[in-house]
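This structure is in structure tokens; I'll ask about it shortly.
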Amino acid sequence: MHLSRAWKSGIITSMQRNSSLTVELFFNPKHVGEATEPRFIGRSSSFQCGATLRVSLHIDESAQITEAKFKAAGCSVLVASASLLMDQVLGKTTGEAAAFGQQAEALKDKLGALPVERSGCPALVREALVSAIQEYSDMARDEWEGDEALICTCFGVSERRIENEIESGGLRTIMEVTKACNAGAGCRSCYSLIEDILEEVNREQ
Amino acid sequence: MIYLDNNATTRVAPEVFEAMQPYLNEVYGNPSSAHSLGQEMKAAVEHAREQVAALIGAADPGEIVFTSCGSESDNWAIGGFLEQNPTRRHIITTRVEHEAVRNLCEHLAEIGCEVTWLDVNEIGELNLDDLRRTLRRDTGIVSVMLANNETGVLFPMEEIGKIVRENSDAVFHVDGVQAVGKIPLDLKNSSVDLFALSGHKLHAPQGVGALYIRSGVKLPPFIIGGGQERGRRAGTSAVPNIVGLGAACELARTFEEHERIERLRNKLEDEILSAIPNARLNGTPDRSQRLPNTTNISFEYVEGENILLHLDKAGVCVSTGSACHSATKQSSPTLRAMNVPYTAAQGSIRFSLGRYNTEEEIDYTLKILPEIIGKLVEMSPYDKELRALTMRQL
């Protein structure tokens, strides 16, 4: 293959050097399309490069991702990154997938070193994934019918549990709450709720 | 490989290679030397000068000065004029120039020159009334390209020249890099003062260009050193390259298949536009106002880089107006100046044909392209827009 010939920024050469998987995934991307209904959608786009991406997830009753699909109008690295990330989160729970998607280094070992102008591509894919999971979490929280109000749907942490942790540990920040009971370690859609609880509990004390 | 990127560079023609070969080994010597070896080199350079002059219709071969590339010629023309005329710092140019002129003029604007940028309309044409309005008695230089490298749109060099002559004392510089060898030229009967050309766009090697300087137009040397090129451009002449440029000009002057190339271009353009729903032409649909070898087509809502890479894998070389060279990726300034919507500029592909392209190659390209675009359309998150577009066409 003479992939590098007409290529100005050298991206394909560096893709070849770093990972033949990336090249393969660009030419034959996996998980392109739309997940079956009901689906949860996350979007992201870059003002810098104009790339646009949509991730759609189908999630079963045990919060497991059974379908992860994407559509993208963006560069080769974006397409390969999206393929890879969909592959990685398929079969994971929303909590595991969101926690993975929050990591800046999530795809680094597979993608290899990217030229600086492409370093934002994997981030764009992670952003769309997390936002799809947030959509799911907001719905799951609304529909939750348990005895105790559910705050962190990713890791099933209730309001009561968070209140207890704050009281007993004298917690002041979201990060401390996450460290104590895992609430907010996933998609972070519950951040504003945790903030409210922190404020309320600390005001009462 | 099927090479449809002839506006980027061209293959060195076998005839050119053959003409150059002796000067890379058998024949040597410095053309500035008085001995016979040197004089033989000098004769070769002068022969090449005549060949270049003949192709562009210069009145005298002495009006041709060899340079290292088109960018040098452009920089010399504009920079040299300003050096000669430091008080005439008003420059007029267009928004769609090649970087060699555009970035130079941006730089000049930063260091105190006044630059007027002429706009183009959505099909890439200039409004000559804008030129009339902006020309002043103190305008120093007007620099306009003859053919746009991305879209192939031709600017009316003759009309522009007349307007410049009638309304100012400005020097008229033309960046002719993309036009030379593709359309007929007759500079002696024009109002052009300075004209830049580049060898590698017409099957000469990379690393050689020329600047036409009309007799009587004064331009200080851009490179100061020895007295080469009659003191106008120092540096030992790159004889093999210059011989190559001469041979390439000769080859272009006697080329008889311009119509065949144009027919292939037309076929490619027509069939892409009719077969692919999200394809739209960039640049004037009037083909008489475009280079005969170029077509620039946007595939809306998909990414040009991806089209390029898929075509490359299938053995076809093209280029795209959208590429991230640096931290910010921007669509081409030419397409932006033409107000091409962002989602179309992102998916723009330039096909530029040349003398070695065959009908089979065009047929093959036409065969594989719809499938590649189809695959990317399927991947595009702009499904609604694409559906609407297809509906409109039904």
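The values are calculated or read from the model by the stated rules, or taken from the named source; none is laboratory data. None of these values were measured; they are calculated from a predicted model. A quick note on method: Cβ atoms are made from the backbone with ideal geometry, for glycine too, and the neighbour counts reach across all protein chains shown.
Give the residue that is nearest to B:Val27 (Cα to Cα), with candidates limited to residues of segment B:238-278 that are polar (S, T, N, Q) and surrounded by fewer than 22 Cβ atoms within 10 Å (Cβ to Cβ).
Checking each candidate, the answer is B:Thr254.
If I go through segment B:211-234 residue by residue, how many of them are free of Cβ contacts under 8 Å to residues at least 24 places away in the same chain and over 24 Å from the mean Cα position of the chain (by Cα)?
5
Going through B:Ile373, B:Ile297, B:Ile349, B:Ile368 one at a time, which residue ends up being in contact (Cβ under 8 Å) with a residue 40 or more places away in the chain, farther than 23 Å from A:Leu53 by Cβ and either touching a Pro at 6+ places or on another chain (Cβ under 9 Å) or within 14 Å of another protein chain (Cβ to nearest Cβ) (or both)?
Numbers: B:Ile373 fails: farther than 23 Å from A:Leu53 by Cβ; B:Ile297 fails: either touching a Pro at 6+ places or on another chain (Cβ under 9 Å) or within 14 Å of another protein chain (Cβ to nearest Cβ) (or both); B:Ile349 fails: farther than 23 Å from A:Leu53 by Cβ.
Answer to the selection: B:Ile368.
Looking at (1) at pLDDT below 95; (2) of a type outside the set (S, T, N, Q); (3) under 29 Å from B:Val120 (Cβ atoms), which one does B:Arg387 not meet, given that it meets all the others?
Every condition holds for B:Arg387 apart from (3).
Can you pull out every residue in segment A:47-63 that is in contact (Cβ under 8 Å) with a residue 40 or more places away in the chain and either under 14 Å from A:Val79 (Cα atoms) or facing chain B (nearest Cβ under 7 Å) (or both)? Before the answer, list the steps.
Taking segment A:47-63 as the starting set, the residues that turn out to be in contact (Cβ under 8 Å) with a residue 40 or more places away in the chain are A:48-49, A:51, A:53-57, A:59, A:63.
Residues satisfying the conditions are A:Gln48, A:Cys49, A:Ala51, A:Leu53, A:Arg54, A:Val55.
Separate question: Test B:Leu202 against the stated conditions and say whether it is over 27 Å from B:Tyr356 (Cβ atoms), touching a residue at least 60 places away in the same chain (Cβ under 8 Å) and of a type outside the set (Lys, Arg).
no
Based on what the data block shows, is A:Glu167 in the same structural domain as A:Gly95 (by TED's automatic domain parsing), over 11 Å from A:Gly186 (Cα atoms) and out of contact with any His (no Cβ under 7 Å at 6 or more places or on another chain)? First the steps, then the outcome.
On the way: in the same structural domain as A:Gly95 (by TED's automatic domain parsing): no; over 11 Å from A:Gly186 (Cα atoms): yes; out of contact with any His (no Cβ under 7 Å at 6 or more places or on another chain): yes.
It is false that A:Glu167 is in the same structural domain as A:Gly95 (by TED's automatic domain parsing), over 11 Å from A:Gly186 (Cα atoms) and out of contact with any His (no Cβ under 7 Å at 6 or more places or on another chain).
Further question: Within segment B:104-142, how many residues are surrounded by fewer than 15 Cβ atoms within 10 Å (Cβ to Cβ) and in a loop (DSSP other than H, G, I, E, B)?
8
Among the residues in segment B:143-152, are any touching a residue at least 12 places away in the same chain (Cβ under 8 Å), surrounded by fewer than 24 Cβ atoms within 10 Å (Cβ to Cβ) and part of a loop (DSSP other than H, G, I, E, B)?
no
If you don't mind, there's one more thing I want to ask. Kindly evaluate A:Glu67 against the criterion of being part of a loop (DSSP other than H, G, I, E, B), surrounded by fewer than 18 Cβ atoms within 10 Å (Cβ to Cβ) and either more than 9 Å from chain B (Cβ to nearest Cβ) or small (Gly, Ala, Ser) (or both).
No.
Say we look at segment B:31-79 and pick out the residues that are without any contact (Cβ under 8 Å) to a residue 12 or more places away in the chain and either among the polar types (S, T, N, Q) or out of contact with any Pro (no Cβ under 7 Å at 6 or more places or on another chain) (or both); which of these is nearest to B:Ala19 (Cα to Cα)?
B:Ala43
Report those strands (runs of 3 or more DSSP E) wholly inside segment B:278-394 carrying at least 3 residues which are within 18 Å of the chain's Cα centre (by Cα) and outside the structural domain of B:Glu122 (by TED's automatic domain parsing).
Here the list reads B:294-299, B:348-352.
Moving on to the next point. For A:Pro115, which of the numbered conditions (1) within 14 Å of chain B (Cβ to nearest Cβ); (2) within 26 Å of A:Gly184 (Cβ to Cβ) fails to hold?
Every listed condition holds for A:Pro115 apart from (2).
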